[in-house]
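Inspection log for the structure reproduced underneath, given as structure tokens.
The values are calculated or read from the model by the stated rules, or taken from the named source; none is laboratory data. Bear in mind the structure is a predicted one, so any value in this text is a computation, not a measurement. Because the Cβ atoms are built from the backbone with ideal geometry, glycine has one as well, and the counts that use them run over all protein chains shown.
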Amino acid sequence: MKKFACQYALLRFRPFVETGEFANVGIVLMAPEARFFGFRLLTRYARITRFFHQLDRRVYLEGRELFKEELDRFSGELRRLALDGRKTQPDVPLARNLFAELVRPREAMLQFAEQRVVLAENPKEKLGQLFDHYIERNFVTREYQERLLENTVRKLLFRAHVGARYQREKIGTPDFTVNFPFVLMADGRAQRVIKPLHLAQGDTTKILTHGGQWVDKIRRLRKRDALPDDVLFPVTAPQANTKAYEAFTEIRDDLIGAQVQVVPANDEDTILQFAVR
């Protein structure tokens, strides 16, 4: 079966120019020889607002709707000028030029990444596959979410001019050690520890397994008298009044029982009070 050359570009949401951070929120794909152009945009915004937690969600939602209108308009123009099915052959050079103009670099909150090419027998199906890979799965891994949480806490600490004091350290005894991302050391001993923890998952087993691992680590370190009194876990939680939230509260209570301070990951005031005291 014939494969078509598909040009595509990822759409990035980059609200803060100063940090350069972005999230992939959409994709456009064109296969001119197949007379195909399509796009997909991320409709769920909770992950975006958790990533850019200081941003009003309406900024993304309104920007997305305006961009969708622009893509709908472009789609109609592209088909009329270059991909009209009533013509014997599509105007491939014109289509490529129009697509290049659409995805050219711009200084805006919604902007395209570099143009890429992939071969596909079914361009529409390929669009869906690429969307699933680059957009839907962009935030799903626990490891990725916790790296985002760590980055947020790190920036918070540096804004408060204490970031350099907190380093990644291994805490424990010769028979048992645990890595923590933020540790304040003094005289060779840990004084304060901060560990962001992602528990905002829909799967109760994943919450209990991941959270339970940290409960076990804390208990073993406490048993060995290897932890300072001051240990803080900024934690993300699943939606309230769900089975997942019940699992979260079980882990939260177990951590508190292990003498860990547990706060919402977006409670910047409490995190800073803990870090700077």
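Annotations for the structure displayed:
- Count of residues meeting criterion [surrounded by fewer than 17 Cβ atoms within 10 Å (Cβ to Cβ) and either within 14 Å of Ile218 (Cα to Cα) or β-branched (Val, Ile, Thr) (or both)] in region 151-171: 2
- Of all residues in region 215-252, those satisfying the criterion of being at pLDDT 95 or above and among the β-branched types (Val, Ile, Thr) are Val215, Ile218, Val231, Val235, Thr249, Ile251.
- Scanning region 100-126 for residues that are closer than 14 Å to Arg40 by Cα, over 21 Å from the mean Cα position of the chain (by Cα) and surrounded by 12 or more Cβ atoms within 10 Å (Cβ to Cβ) yields Pro123, Lys124, Lys126.
- Test: residue in region 223-246 that is more than 27 Å from the chain's Cα centre (by Cα) and assigned to a helix (DSSP H, G or I): yes
- Looking only at region 18-51, and only at residues there that are more than 15 Å from the chain's Cα centre (by Cα) and acidic (Asp, Glu), the one that is modelled with the lowest pLDDT: Glu18
- Subset of region 230-277 [touching a Leu at 6+ places or on another chain (Cβ under 8 Å), over 24 Å from Phe52 (Cα atoms) and among the small types (Gly, Ala, Ser)]: Ala247
- Pairs where the first residue, in region 261-273, is over 13 Å from Val231 (Cα atoms) and assigned to a strand (DSSP E or B) and the second is polar (S, T, N, Q) and modelled with pLDDT under 95, C-beta under 8 Å, 6+ apart: Pro264/Thr236
- Filtering region 52-69 to residues that are over 20 Å from Tyr8 (Cα atoms), surrounded by 15 or more Cβ atoms within 10 Å (Cβ to Cβ) and at pLDDT 75 or above leaves Val59, Tyr60, Gly63.
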